[in-house]
Amino acid sequence: MMPRPPARPAGEKSTREQILDVALDLFTTEGFEKTSLREIAERMGFSKAALYYHFASKDDILLALHLRLHDLGQATIDRFDWDRVAPGDWVGLLDEFIDQLFENRKLFLLHMRNHAALEKIAHSHPHGEANHDIEERLRALLADERVPRAQRLRLSFAFGAVAAGMAMSSEVIDDLPADELRMELRSAVRDLLGTAATTGKPAASAASTAPDQERPQPVTA
């Protein structure tokens, strides 16, 4: 009987997880299409044949990385009672989204920079139903007619601003400290959501709050 391999020290990642970490770095910086299995194997210090023991293809590696992010998103989604989420809860929801983004920044960048490759594998693997569930929950929140349309638009804009702003900032202000960028993102979210973010009430319109003398006066014959 062959002896069992020694147990990994507590906290040490498995070979599979180490491969995913290396692939994450390469896919994010070089792109999925330009990265070869041989390059991943060389970074790991073993042969391409040894890599096949853990992953049958490069697509399988990308899918495993996608599922890492999917699991994070699902965990966040499950912590909220979506039937009772009100505008006053949106700041907490987006703050958690921002925290997850910073703690897993490379995963988010991977998805933004390799969107076409991810779309391609999404149609041929069975995780689509879970993805659909997350998307449907967000769509239902944005379509809730109990909340004024203007507020729902602000929530949609806030989600988009966080994701797009993070992607762009990684290219043009890469030297900005993470804590400062996190603070600015949270500030931008609060600006976009307006007073509804903290009070649950719609922000007053400019017309309703403007001084009388600044309002257009009716034309008299």
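The values are calculated or read from the model by the stated rules, or taken from the named source; none is laboratory data. None of the values given here were measured: they were computed from a predicted structure. Every residue, glycine among them, receives a Cβ derived from its backbone with ideal geometry; neighbour counts consider all protein chains shown.
Below are the figures for this structure:
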{"item": "Tally, over segment 94-108, of residues that are modelled with pLDDT of 85 or more and either over 24 Å from residue 186 (Cβ atoms) or aliphatic (A, V, I, L, M) (or both)", "result": "3"}
{"item": "Residues (more than 12 Å from the chain's Cα centre (by Cα) and modelled with pLDDT of 85 or more) located in segment 55-88", "result": "55, 56, 57, 58, 59, 60, 61, 62, 63, 64, 65, 67"}
{"item": "Residue count, segment 50-82 (criterion: out of contact with any helix residue (DSSP H, G or I) (no Cβ under 8 Å at 6 or more places or on another chain) and closer than 23 Å to residue 189 by Cβ)", "result": "3"}
